[in-house]
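Student: Encoded as structure tokens, here's the structure I'll be asking about.
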């Protein structure tokens, strides 16, 4: 039986389906511009022109940070890596508090003439793991996780670890 | 090192202010609506 | 069948409690005694969650005290999205089943949801400055939540924009349903695209990355925010029903 209610329901469902498909397809089509930053691998592959502004994102390579003071403002050289490729970055100015080796960062700027990325702004990208400092320390000591090498394991493993140790 | 506390206080301040004001306004409107209905039914 | 007769009055067999509550008088019978309890419990949970998060929960290993903003930002974000989902559901009930209460609910959910979205945006911005180094970036997560805010504002304006109330309800319901595609975009934006915003800490499919002493205050304040949202919406819907009753009572007096 085709009641007006059923007809309206199917109409809404059909419209919703078409609209979602349209939005999904446009998102897929514009997916590159929706990406906030390029990874070093993408930068190496695309080789953006010197002076063309873009955002570079990745992890600060361990052992690559070198800071020099010229008067008041520090200049920092570091490499941003995604594990496969690395891009050298130069930034003059005060870095965010969370900046450290192994930290995710997004640098905004452009490629300089020397093949190194000149950043106008450096943003720190922090992880999605929340735990007190002492839990992080004990995880490190137990060899379960080092923040330098990516995100921590599932919380159930460290929550139960300490709960079991305590009980 | 940026002191995070002004930002924390700001975020909590905005949240508490919103919850308090929005909650208060909702119940004030409910009381007013009940009072007006009682008046209208008396007519 | 005459559609202008109050639907949902015991005539619909399917649909359960949503249809049951779609009758304004029945809604008031359930909501009026429940409201003081809803208000008390949500107030208690909000106070406990906020105080716990602000002063008692441990500082984060990476972000220090700034991570405390999580205990208001994350619940506000979840409520903002759940509120929009509720808006979409009542819009569907309005378009398909023409429940009169669904229109009232849509009208009252909008401003409350917009408020929670604003709290989410402001607290997130105040979190971004000390941690990321910027109040605002145009990444997919932040942009999609800003779009959610504008969808709410658009709905609030549209539903009140017509002289003929029914036209406003229809137009706003279509906007709410169309805007619902934004919800999965918000949730999955951090997985589909590179964003400055971190990934999801808690996912429905398991695999959370938060320590229990920080999870408890987060869950309590989330529950508190949800109940606060429900309390405000129920109070406002009740008030709207009374206002309509008052208007029709005064009209009856004028016609006498």
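Student: Does residue B:23 satisfy the criteria of being free of Cβ contacts under 8 Å to residues at least 40 places away in the same chain, within 8 Å of chain C (Cβ to nearest Cβ) and surrounded by 14 or more Cβ atoms within 10 Å (Cβ to Cβ)?
Tutor: Details: free of Cβ contacts under 8 Å to residues at least 40 places away in the same chain: yes; within 8 Å of chain C (Cβ to nearest Cβ): yes; surrounded by 14 or more Cβ atoms within 10 Å (Cβ to Cβ): yes.
Considered against the rule, which asks whether it is free of Cβ contacts under 8 Å to residues at least 40 places away in the same chain, within 8 Å of chain C (Cβ to nearest Cβ) and surrounded by 14 or more Cβ atoms within 10 Å (Cβ to Cβ), residue B:23 comes out as yes.
Student: Follow-up question, since we're still on this one. Can you tell which of C:60, C:103 is in contact with a strand residue (DSSP E or B) (Cβ under 6 Å, 6 or more places away or on another chain) and either at pLDDT below 95 or within 14 Å of chain A (Cβ to nearest Cβ) (or both)? Working first, answer last.
Tutor: Numbers: C:103 fails: in contact with a strand residue (DSSP E or B) (Cβ under 6 Å, 6 or more places away or on another chain).
Selected residue: C:60, the only one of C:60, C:103 that is in contact with a strand residue (DSSP E or B) (Cβ under 6 Å, 6 or more places away or on another chain) and either at pLDDT below 95 or within 14 Å of chain A (Cβ to nearest Cβ) (or both).
Student: Let me ask you something else. Quick check on this structure: which one of A:62, A:79 is more than 26 Å from residue C:141 (Cβ to Cβ), in the same structural domain as residue A:121 (by TED's automatic domain parsing) and assigned to a loop (DSSP other than H, G, I, E, B)?
Tutor: Details: A:79 fails: assigned to a loop (DSSP other than H, G, I, E, B).
Checking each option against the conditions leaves just A:62.
Student: Of all residues in the stretch B:1-20, which are more than 7 Å from chain C (Cβ to nearest Cβ) and not in a helix (DSSP H, G or I)?
Tutor: B:1, B:3
Student: Inspect all residues belonging to the stretch C:200-220 and state whether any of them is modelled with pLDDT under 95, away from chain B (no Cβ under 14 Å), within 19 Å of residue B:15 (Cβ to Cβ) and crowded, with 21+ Cβ neighbours inside 10 Å.
Tutor: Yes, because at least one residue in the stretch C:200-220 is modelled with pLDDT under 95, away from chain B (no Cβ under 14 Å), within 19 Å of residue B:15 (Cβ to Cβ) and crowded, with 21+ Cβ neighbours inside 10 Å.
Student: Shifting gears a bit: Within the stretch A:92-109, track down each residue that is surrounded by 18 or more Cβ atoms within 10 Å (Cβ to Cβ) and more than 14 Å from the chain's Cα centre (by Cα).
Tutor: Scanning the stretch A:92-109 gives A:95, A:96, A:109.
Student: Continuing with this model, one more query. Out of C:30, C:90, report the one residue that is surrounded by fewer than 22 Cβ atoms within 10 Å (Cβ to Cβ), away from chain A (no Cβ under 11 Å) and more than 30 Å from residue A:106 (Cβ to Cβ). Before the answer, list the steps.
Tutor: Numbers: C:90 fails: surrounded by fewer than 22 Cβ atoms within 10 Å (Cβ to Cβ).
Of the residues listed, the single one that is surrounded by fewer than 22 Cβ atoms within 10 Å (Cβ to Cβ), away from chain A (no Cβ under 11 Å) and more than 30 Å from residue A:106 (Cβ to Cβ) is C:30.
Student: Related question: Is one or more of the residues making up the stretch A:29-44 under 24 Å from the mean Cα position of the chain (by Cα), in a strand (DSSP E or B), within 14 Å of chain C (Cβ to nearest Cβ) and modelled with pLDDT of 85 or more? Full working, then the answer.
Tutor: Looking only at the stretch A:29-44, we keep the residues that are under 24 Å from the mean Cα position of the chain (by Cα), and these are A:29-44.
The next check asks that each one be in a strand (DSSP E or B); those that pass are A:38.
Narrowing the set further to residues that are within 14 Å of chain C (Cβ to nearest Cβ) leaves A:38.
Adding the requirement that they be modelled with pLDDT of 85 or more leaves A:38.
Yes: one or more hits.
The values are calculated or read from the model by the stated rules, or taken from the named source; none is laboratory data. Because the structure is a prediction, the values reported are computed rather than measured. Cβ: placed from backbone, ideal geometry, glycine included. Neighbour counts: every protein chain shown.
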